[in-house]
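Step one of this worksheet: look at the structure below.
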Amino acid sequence: MTIPDRASPDEAAAHTRVRFDKWLWAARFYKTRTLSAQAIEAGQARLGAERVKPAHSVRVGDAISVRKHGLVWDVEVTGVSERRGSASIAATLYREADASIAARNEEMLRRKAQAAVETHYPGRPTKRNRRKLEDFLNEP
């Protein structure tokens, strides 16, 4: 008769928490662990509104704030993983607050509206455009 292999409490705890930089990478907020560690060091990614080191443990239920390119994600950790999987699997690792989604969508709409209003200069005028401009300015 064999006794089933049971995980020790330390091994079980290891599966319920993971390094902060590794979690950000696995949740696909950053393309590499190096980028996620740099973001943590720069204060762009925070755990519970506090700056922590990349090796800090992340557990289910923790609140994380990630700021990238002026957009902010406020998420709650729903799962931990040490491996980077597909985007559909990564989406199950966190749940974003409704207010965060609304604020991010509003900011993206504001940026699109601003880009539409801004004048866009394509560069130097062509010879044809320059001649038309000179003709227009030289009219009596």
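The values are calculated or read from the model by the stated rules, or taken from the named source; none is laboratory data. Because the structure is a prediction, the values reported are computed rather than measured. Every residue, glycine among them, receives a Cβ derived from its backbone with ideal geometry; neighbour counts consider all protein chains shown.
Taken over the stretch 71-85, the criterion of being in a loop (DSSP other than H, G, I, E, B) and touching a residue at least 40 places away in the same chain (Cβ under 8 Å) is satisfied by Val80, Ser81, Glu82, Arg83, Arg84, Gly85. Scanning the stretch 46-57 for residues that are outside any loop (DSSP other than H, G, I, E, B) and surrounded by 13 or more Cβ atoms within 10 Å (Cβ to Cβ) gives Arg46, Leu47, Ser57. Taking first residues from the stretch 92-115 that are touching a residue at least 40 places away in the same chain (Cβ under 8 Å) and partners that are assigned to a helix (DSSP H, G or I) and not acidic (Asp, Glu), the Cβ contacts under 8 Å between residues at least 6 apart in sequence or on separate chains come to Leu93/Trp23; Leu93/Ala26. Taken across the stretch 76-85, residues that are at pLDDT 95 or above, under 23 Å from Met108 (Cα atoms) and touching a Ser or Thr at 6+ places or on another chain (Cβ under 8 Å) do not occur at all. Among the residues making up the stretch 17-28, those that are under 20 Å from Asp74 (Cβ atoms) and either outside any helix (DSSP H, G or I) or in contact with a Phe, Trp or Tyr (Cβ under 6 Å, 6 or more places away or on another chain) (or both) are Val18, Leu24, Ala27, Arg28.
For the structure I just gave you, tell me whether Gly123 is part of a loop (DSSP other than H, G, I, E, B) and either within 14 Å of Trp23 (Cβ to Cβ) or among the aromatic types (Phe, Trp, Tyr) (or both).
Details: part of a loop (DSSP other than H, G, I, E, B): yes; either within 14 Å of Trp23 (Cβ to Cβ) or among the aromatic types (Phe, Trp, Tyr) (or both): no.
No: the conditions fail for Gly123.
Filtered by the rule that a residue be in contact with a strand residue (DSSP E or B) (Cβ under 9 Å, 6 or more places away or on another chain) and at positive phi, the stretch 17-61 gives Gly43, Gly48, Ala49, Gly61.
Among the residues of the stretch 29-45, those identified as surrounded by 16 or more Cβ atoms within 10 Å (Cβ to Cβ) and outside any helix (DSSP H, G or I) are Phe29, Tyr30, Gln44, Ala45. The requirement of being surrounded by 12 or more Cβ atoms within 10 Å (Cβ to Cβ) and not hydroxyl-bearing (Ser, Thr, Tyr) is not satisfied by Leu133.
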